[in-house]
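The structure appears right after this line, and notes come after that.
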Amino acid sequence: MFCLTALAKLILNYFFSRHWVRTIRVLLRGVGLEPTTFRCCDCSSHTMASEEPEVGLFIPERAEMYRNSTEVKMSQIVLPCHANHRGELSVGQLLKWMDSTACLSAERHAGCSCITASVDDIHFEHTIGVGQVVNIKAKVNRAFNSSMEVGIMVSCEDLFANRQWKVCNAFATFVARHTDEGKVQLKQVMPQTQEEQTEYSVAAERRRMRLLHTEIMKDLLGNGPKGDDCQDFDDAVPSERTRVESVELVLPPHANHQVNTFGGQIMAWMENVATIAASRLCNAHPTLRTIDMFHFRAPSQVGDRVVLKAIVNNAFKNSMEVGVCAEAYRGRETPRHINSAFMTFEVLDAEGNPRNLPRIKPEPLDGPRRYREAIARKKIRLDRKYIISCKQTEVPLSVPWEPSNQVYLSYNNVSALKMLAARTNWVLTSEKNKVNLYTLEENQVLCFKVETHVDIAAKRVFALLSDLTRRKEWDRHYKHCEMINQVDEEDAIYHVITPSVSKTNKGQDFILLASCRTPCNSGDPYLIALRSVTLPTHPPTEDYIRGEIFCAGFSILEVSSMVCKVSYYNQASPGVLPYISNDIAGLSSGFYNSFCSCSKFLEENKESRATADSTAF
Ligand code: COA
Ligand code: ADP
């Protein structure tokens, strides 16, 4: 049980934490060290890689350390034959090494030959020089049916300074090659550590986004700016000048033992033509910063001719988007479209700062469309990068919700809850009639969890709890709740009003994005994730104090057909603390009473026909 001083410490810690984080940052900056992430100055919700995150990451390995059975490592010294003219490792070579390492990890899990299906966005934080060592580590995060997600971590090591830096991380999907019997059903991954549990859990959410990617892009590009809005600049470079076409003959060294071209080899060829196109615009050596998520649409084999076409689609102030398309054919066959990718390049000056780039004049026909789509992709790319990579230790404030970032906010919402649920260091703070209250204090953030079992089917509990408008039936903190926007089948935005904590205070209101997920595999819980967003149509008003919820929600795990474990999580924000501090201090049992009324509500409605066996979404 918490004593009052402990509670005071927790609350003080919490309220002062953000000031401390800021102060520590200022101090670190003062002594020339920068934390690896910081908030972008014009948007508090974004986190960015710092300019120089060269913090030593080298962790010596100990023989007794646990090792994941699918983990595969590759270390390579960068030789001049791997490098470009500036003595930096070519990204194409790095992609080949990453793909081979990841493929070997996938095959270790699958026990059979695997092919690359897709690679998520890759952001390159550093270049790697000749003489340095590249260390690549890959492991299978989760297997689904015939596909699995492989996490890849790339670091660069300076042998003389005994230091390592993160270069990039990536997630690739590999598919076990179909056999004569058809699709292979892979065995499940059994996570052993908290880190593995988190990756396992969030992998399902990344998969959802990946499979939606093509449709999302189509929708977002379709809703983007229309018409002839390509600005005419006098000094604009005609994009035709950057056009590249190059052919490759697929030979045995480019392919695996099943004669399929390596995914990494195709990516390397694509990067090569993209670099040429980018160089033609700037007449200099460009640096590749980002490769957008892409999908290997169809295989190619030894003997195929692979035609690679690239052109600069648009140039912004400091960066340009190059599009690449890969087609394969044999003899007189019609070329098959096997891949398309979009890469972002910069050109660095002698100090390493991005140079201004010339504008582009789009080519006739497809040029204006690609020019506009490049603008839309730039925004999507930024949303995806910052919303998805937002670290939970860098508490995300409410992010403006827009249709274009909905899928990424939804991902962020669910993955934050999954990460909280995967924590293993919860401390049991209070227990009453099998309703348990746990707390977790980490990185100056206080979180709590209330957990109990109910004798109702998990699916039914999910259907009842996912309709937030019904929460006022059991939660006295929900005075009013109205759905503002049913975003899609799984997501909705609500306006919630809660009573004031003291008689003199105003009540609070919240704009919440609720993201609901059914289990991906048996053993997964149902999830209802909640986080604050901002909506221009619902600005804060004089009547209420606008509260924020960083991460909260329910996890409902089926124990048997008629019993489930219900866990409620909350990363306590200042707006929520007053409601729970008495419980944490052991001064009241509000959490117990809330859960009792929740159980009663579930019990009373377990047979209700109106919403039986369907979610509210
Ligand atoms: N990203 C991630 N996974 C994807 C995907 C994408 N864009 N598209 C399909 N998948 C997954 C599916 O979810 C499914 O996973 P599951 O079995 O775990 O549920 C799996 O791929 C197979 O899907 P299926 O619908 O049976 O096949 P498909 O017709 O969509 O084919 C590939 C998928 C990857 C097999 C096919 O597109 C292909 O052969 N691509 C070329 C692969 C290649 O040559 N790679 C480079 C050389 S190794
Ligand atoms: P889209 O044309 O819709 O962008 P594609 O998959 O056809 O999609 O092509 C992807 C990218 O490859 C294009 O945006 C363009 O940058 C580049 N590309 C496609 N075709 C050519 C071509 N014939 N010559 C040069 N580049 C091309």
Checking the conditions here, which among 559, 533 is within 23 Å of the chain's Cα centre (by Cα) and not in a helix (DSSP H, G or I)? 533
Taking into account only those residues within the range 388-411 that are part of a helix (DSSP H, G or I) and open to solvent by 10 Å² or more (accessible area, probe 1.4 Å), which is modelled with the highest pLDDT? 411
Go through the range 309-334 and report how many residues are within 11 Å of ligand 2 (Cβ to nearest atom) and more than 25 Å from the chain's Cα centre (by Cα). 9
Count of residues meeting criterion [surrounded by fewer than 22 Cβ atoms within 10 Å (Cβ to Cβ) and either free of Cβ contacts under 8 Å to residues at least 12 places away in the same chain or not in a loop (DSSP other than H, G, I, E, B) (or both)] in the range 274-287: 6
How about the range 128-151: which of its residues are more than 13 Å from ligand 1 (Cβ to nearest atom) and open to solvent by 10 Å² or more (accessible area, probe 1.4 Å)? 129, 130, 131, 132, 133, 135, 137, 139, 151
Restricting the first residue to the range 591-603 and requiring it to be touching a residue at least 40 places away in the same chain (Cβ under 8 Å), which pairs with a second residue that is part of a helix (DSSP H, G or I) and open to solvent by 40 Å² or more (accessible area, probe 1.4 Å) meet a Cβ separation below 9 Å and a spacing of at least six or different chains? 597/473; 601/470; 601/473
Return the pairs, sorted by first residue and then second, in which the second residue is charged (D, E, K, R) and open to solvent by 70 Å² or more (accessible area, probe 1.4 Å), the first residue lies in the range 249-271 and is more than 16 Å from ligand 2 (Cβ to nearest atom) and part of a loop (DSSP other than H, G, I, E, B), the beta carbons are less than 8 Å apart, and the residues are 6+ apart or on different chains. 250/305
Taking the range 519-529 only, how many residues are over 16 Å from residue 209 (Cβ atoms) and open to solvent by 20 Å² or more (accessible area, probe 1.4 Å)? 7
Within the range 278-306, the residues that are more than 16 Å from ligand 1 (Cβ to nearest atom) and touching an Asp or Glu at 6+ places or on another chain (Cβ under 6 Å) are 287, 289
Failed item in (1) in contact (Cβ under 8 Å) with a residue 40 or more places away in the chain; (2) away from ligand 2 (no atom under 16 Å from the Cβ), with residue 306 passing the rest: (2)
Across the range 152-162, what is the total count of residues that are over 20 Å from the mean Cα position of the chain (by Cα) and either surrounded by fewer than 15 Cβ atoms within 10 Å (Cβ to Cβ) or under 19 Å from residue 122 (Cβ atoms) (or both)? 5
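Looking only at the range 439-453, count every residue that is charged (D, E, K, R) and open to solvent by less than 40 Å² (accessible area, probe 1.4 Å) and tell me the total. Spell out how you get there, then give the answer.
Of the residues in the range 439-453, the ones charged (D, E, K, R) are 441-442, 449, 451.
Then keep just the ones that are open to solvent by less than 40 Å² (accessible area, probe 1.4 Å); that gives 449, 451.
Matching residues across the range 439-453 total 2.
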Positions within the range 183-212 being within 10 Å of ligand 1 (Cβ to nearest atom), open to solvent by 70 Å² or more (accessible area, probe 1.4 Å) and part of a loop (DSSP other than H, G, I, E, B), in sequence order: 183, 185
Would you be able to tell me the number of residues in the range 341-387 that are touching a residue at least 60 places away in the same chain (Cβ under 8 Å), near ligand 2 (Cβ under 10 Å from one of its atoms) and among the charged types (D, E, K, R)? 3
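Having 3 or more residues that are in contact with a Ser or Thr (Cβ under 7 Å, 6 or more places away or on another chain) is the bar; report the strands (runs of 3 or more DSSP E) wholly within the range 93-176 that clear it.
On the way: elements: 114-119, 133-143, 147-158, 163-176.
It comes to 133-143, 147-158, 163-176.
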Taking the range 278-292 only, how many residues are in contact with a Phe, Trp or Tyr (Cβ under 9 Å, 6 or more places away or on another chain) and within 14 Å of ligand 2 (Cβ to nearest atom)? 4
For the condition in a loop (DSSP other than H, G, I, E, B) and open to solvent by 10 Å² or more (accessible area, probe 1.4 Å), what is the one hit in 485, 436, 425? 425
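Considering only the range 309-326, how many residues are within 16 Å of ligand 1 (Cβ to nearest atom) and surrounded by 24 or more Cβ atoms within 10 Å (Cβ to Cβ)? Quick ask: steps written out before the conclusion?
Just the residues of the range 309-326 that are within 16 Å of ligand 1 (Cβ to nearest atom), to begin with: 324-326.
When the remaining residues are screened for being surrounded by 24 or more Cβ atoms within 10 Å (Cβ to Cβ), the result is 324, 326.
Residues flagged as within 16 Å of ligand 1 (Cβ to nearest atom) and surrounded by 24 or more Cβ atoms within 10 Å (Cβ to Cβ) within the range 309-326 amount to 2.
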In the set 294, 233, which member is over 25 Å from residue 214 (Cβ atoms), in contact (Cβ under 8 Å) with a residue 24 or more places away in the chain and not hydroxyl-bearing (Ser, Thr, Tyr)? 233
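When you scan the range 327-345, how many residues do you find that are open to solvent by 10 Å² or more (accessible area, probe 1.4 Å), within 16 Å of ligand 1 (Cβ to nearest atom) and out of contact with any Pro (no Cβ under 7 Å at 6 or more places or on another chain)?
At the first step, the residues of the range 327-345 found to be open to solvent by 10 Å² or more (accessible area, probe 1.4 Å) are 327, 329-337, 340, 342, 344.
Adding the requirement that they be within 16 Å of ligand 1 (Cβ to nearest atom) leaves 327, 329-330, 335-337, 340, 342.
Now narrow it down to the ones that are out of contact with any Pro (no Cβ under 7 Å at 6 or more places or on another chain): 330, 335-337, 340, 342.
Of the residues in the range 327-345, 6 are open to solvent by 10 Å² or more (accessible area, probe 1.4 Å), within 16 Å of ligand 1 (Cβ to nearest atom) and out of contact with any Pro (no Cβ under 7 Å at 6 or more places or on another chain).
So, residue 466, is that one out of contact with any helix residue (DSSP H, G or I) (no Cβ under 6 Å at 6 or more places or on another chain) and open to solvent by 70 Å² or more (accessible area, probe 1.4 Å) or not? Give the derivation first.
Numbers: out of contact with any helix residue (DSSP H, G or I) (no Cβ under 6 Å at 6 or more places or on another chain): yes; open to solvent by 70 Å² or more (accessible area, probe 1.4 Å): no.
No, not satisfied.
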When residue 290 is run through (1) outside any strand (DSSP E or B); (2) more than 25 Å from residue 364 (Cβ to Cβ), the failure sits at (1)
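The values are calculated or read from the model by the stated rules, or taken from the named source; none is laboratory data. Being a predicted model, the structure only gives us computed values, none of them experimental. Note that each Cβ is placed from the backbone with ideal geometry, even for glycine, and that neighbours are counted across all protein chains shown. Protein only, heavy atoms only, side chains kept; ligands, DNA and RNA dropped before computing areas. Shrake-Rupley method; radii C 1.70, N 1.55, O 1.52, S 1.80 Å.
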